[in-house]
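A.B. asks: Once you've had a glance at the structure underneath, I'll fire off some questions.
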Amino acid sequence: MKLRDLAKGSSVFLGVFVAGYLSTTYVDQRFATQLDTSGPAASACVGEDGSWKNWPWPNVPTLSPKCR
């Protein structure tokens, strides 16, 4: 392995690491403010119309119970 190859690999690794850190920080700042932390957390459930209740995130947990 040449020194040039080591420098390329290290710079790519560092770039990916920094990009991952910055994107994680951005997501934490952007979406954490949308959560309501004033009361006790309600669990996610499926309403009668099939929509999700008490779930602010874009991904949806599978096999959640129906709302009461």
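Any read-out appearing in this document is the output of simple, stated calculations on the displayed coordinates, not a laboratory observation. Everything numeric here is computed off the predicted structure, so don't read it as measured data. In this analysis, Cβ positions are derived from the backbone assuming ideal geometry, glycine residues included, and neighbour counts consider all displayed protein chains.
A.B. asks: Amide H to amide H, which residues 5 or more places from C45 or on other chains are under 5 Å from it, using H placed in the peptide plane?
C.D. replies: K53
A.B. asks: Can you tell me how much longer the chain between Y26 and W55 gets when fully stretched, taken as 0.36 nm per residue apart minus their C-alpha distance, in nm with one decimal?
C.D. replies: Value of the extension gain: 8.4 nm.
A.B. asks: Order 44-54, 12-22 from most to least packed using the mean count of other Cβ atoms within 10 Å.
C.D. replies: Result, highest mean Cβ count within 10 Å first: 44-54, 12-22.
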